[in-house]
Amino acid sequence: MTGGGDCPGLNAVIRAVTKTAIYQYGLEVFGIEDGFMGLVQNRIHPLSANDVSNILTLGGTILGTHNKCDPTRYPVTDSDGNTEFKDVSDRCMDHIKHHELDAIIVIGGDGTMSGAANFVRKGVNCIGVPKTIDNDLEGSDITFGFSTACMVATEALDRIHTTAASHHRAMIVEVMGRNAGWLALHSGVASGSDIILLPEIPYDIDKVCQAVLNRSKHGKRFSILCVSEGTKPKGGELVVDHIDPNSPDPIRLGGVGKVVATDIEKRTGIETRTTVLGHVQRGGTPVPADRVLATEFGHAALQALMQGKENRLIVMQGRTVTDVDLLSAEGKQRIVKLDNPILQAARDVGTSFGD
Ligand code: F6P
């Protein structure tokens, strides 16, 4: 099952799980469509090795995903058209029993793992495989999807560079990442961005403008800013794009790039433009590093299962793929620590973090 938002590498996990299960252990594998929605609606079908052939390089997920379905609060409409939220977990349990599923490999984020906990309590063995482009899973040094998103953001920043230089502008690229600055930090450093704004370091707009003006003073007539969607000014608030009330994590960030651009233009008189990268960062083919990591994670999930382990989450610690308690990362977020050596390296080559 793949749940929550998609990310590059999901299909590589599905392939690794399915092929290892069939080739090495002669198991039967089923795919559950659209996350928990497929479990509620009994959209569960056998997966053969052939079904997962040629998907290693494919973005998205062949199983589909859903980031809102919670079987404990599922909308049920009666014959009069009235909708009530009901707990339909027992219906899911019937479907699990009907297909004789011994375990579920749940590929998802925080919300999906919390959803899995409900079935763990009912005696279903769930092995979690974490995914996120945000790279913010507590307990794992890296998650698949991150390297691809980083590559997309870096390429965008590189392309912005040439147009910024031609027009002598300040150019902002707003990248995803929610409340963690990994994507902005890595793509910002990789592209040599002049200013990087992270959620972990609230910015001072005077310092940001000063950095832009300093560059002008030294003959650099353009500036590149890599801005994380979760950044905010010192003492200020996050910029929220919208609230998604049915989502386990309802706040959708977006728009801080425009806010920073307006401030820079007003204060410095330098023409400033903003590009919001959005879901481009989540789409398309995974880079080789993500294909490898996703294959390792999928394989490790199957190994954990075959070793008789129950309710474990596959993670990367150092250079080792290992497993931890399924719910050990619940409600926690791995953010950029202020003593991260990449921050100092960037500062020492003249990058401003707006502080
Ligand atoms: O967690 C992954 C992520 O892409 C975040 O970086 C972003 O803030 C959010 O999901 C966007 O969510 P949605 O796809 O629901 O708009």
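The values are calculated or read from the model by the stated rules, or taken from the named source; none is laboratory data. Given the structure is predicted, the values throughout are model-derived calculations rather than measurements. Neighbour counts run over all protein chains shown; Cβ positions are idealised from the backbone, glycine included. Side chains included, ligands, DNA and RNA excluded: accessible areas come from the protein's heavy atoms. Shrake-Rupley method; radii C 1.70, N 1.55, O 1.52, S 1.80 Å.
Data overview
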read-out	value
Filtered residues of the range 49-93 (kept if open to solvent by less than 60 Å² (accessible area, probe 1.4 Å) and assigned to a strand (DSSP E or B))	Tyr74, Val76
Enumeration of residues in the range 177-192 that are part of a loop (DSSP other than H, G, I, E, B), open to solvent by less than 30 Å² (accessible area, probe 1.4 Å) and closer than 27 Å to His242 by Cβ	Gly177, Ala180, Gly181
All positions within the range 1-33 that are within 16 Å of the ligand (Cβ to nearest atom) and either closer than 19 Å to Leu56 by Cα or over 20 Å from the mean Cα position of the chain (by Cα) (or both)	Thr2, Gly3, Gly5, Asp6, Cys7, Pro8, Gly9, Leu10
Unmet requirement for Gln307, which otherwise passes all of (1) in the same structural domain as Gly60 (by TED's automatic domain parsing); (2) touching a residue at least 60 places away in the same chain (Cβ under 8 Å); (3) of a type outside the set (Gly, Ala, Ser); (4) open to solvent by 60 Å² or more (accessible area, probe 1.4 Å)	(2)
Sole residue being in contact (Cβ under 8 Å) with a residue 60 or more places away in the chain and crowded, with 24+ Cβ neighbours inside 10 Å, chosen from Ala170, Ala211	Ala170
The lone exception for Ser328 - which of (1) on the phi < 0 side of the Ramachandran plot; (2) at pLDDT 95 or above it fails	(2)
Residue count, the range 1-32 (criterion: in contact with a strand residue (DSSP E or B) (Cβ under 6 Å, 6 or more places away or on another chain) and open to solvent by 10 Å² or more (accessible area, probe 1.4 Å))	5
Where Arg73 falls short, out of the listed (1) closer than 21 Å to Asn311 by Cβ; (2) away from the ligand (no atom under 16 Å from the Cβ); (3) at pLDDT below 95	(1)
Extreme residue, most open to solvent (accessible area, probe 1.4 Å), among residues of the range 118-134 that are touching a Cys at 6+ places or on another chain (Cβ under 8 Å) and not β-branched (Val, Ile, Thr)	Lys131
